[in-house]
Amino acid sequence: MATKKPNTPTLFYEDRPDLLETFADTVQRMTFDGRTLRIEFCVARKDDPPSGQPARTGKSIPVVRLILDLDGAVDLFNKINNLQAALENAGVIRKTPPGAAA
């Protein structure tokens, strides 16, 4: 259960339907400097192959760099842990015991 810091205002969520969405298929980097968590999301773009050939090369293009302060990073990790638990309960994913083959 989260504890509220003294003198912290109560914030109410207000949706913004006009906010653009960004697709990413990989997390390229995550770094933490003690105060901020920086996450770089990328999308894979394949090069056009010669006619009749499969694509063999491409690029990983950054599409979003998300920077969170310590409180935001802790909130993100807590929400990811809750999501993981829900996915495990639904049978979508399962924990692999330490030392077991993936």
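Read the figures in this text as sums done on the coordinates, not as results from a lab. Because the structure is a prediction, the values reported are computed rather than measured. Quick reminder, even Gly has a Cβ in these numbers, built from the backbone with ideal geometry, and neighbours come from all protein chains shown.
General observations
- Sites THR8 and VAL92 - FRET efficiency at Förster radius 35 Å, r taken between beta-carbons, to 0.05: 0.50
- Helix 70-89 vs. the chain, principal-axis angle (Cα, 0 to 90°, nearest 10): 70
- Cut-off 14 Å between beta-carbons: net charge of the residues surrounding GLN84, Lys and Arg +1, Asp and Glu -1: +2
- Only Cα pairs under 8 Å and 6+ residues apart enter the sum, and on that basis the relative contact order of the range 1-59 stands at 21 percent.
- Pairs of Lys residues in the chain are counted when their Cα atoms are under 26 angstrom apart and they lie 8 or more places apart or on different chains; the count is 4.
- Distance (nanometres) between label positions extended 7 Å along Cα→Cβ at LYS79 and ARG16: 1.4
- Each other residue within a Cβ distance under 11 Å of ILE67 adds +1 if Lys or Arg and -1 if Asp or Glu, for a net charge of 0.
- Structural descriptor for the chain: relative contact order 18 percent, calculated from alpha carbon pairs under 8 angstrom and at least 6 residues apart.
- Helix-only CD estimate at 222 nm, as mean residue ellipticity for the chain, using -39500 (n - 2.57) per DSSP H run (n ≥ 4): -6500 deg cm²/dmol
- Charge dipole of the range 20-83 about the Cα centre (unit charges at C-beta), most positive-ward option of THR36, LEU76, VAL64: VAL64
- Amide H contacts of VAL43: ASP25, ILE61, VAL63, each under 5 Å away and 5 or more positions distant or on a separate chain (H built 1.01 Å from N in the peptide plane; Pro and chain starts excluded).
- Estimated dipole of the range 2-45 in Debye, rounded to 20 [Cβ of Lys and Arg +1, of Asp and Glu -1, Cα centre]: 320
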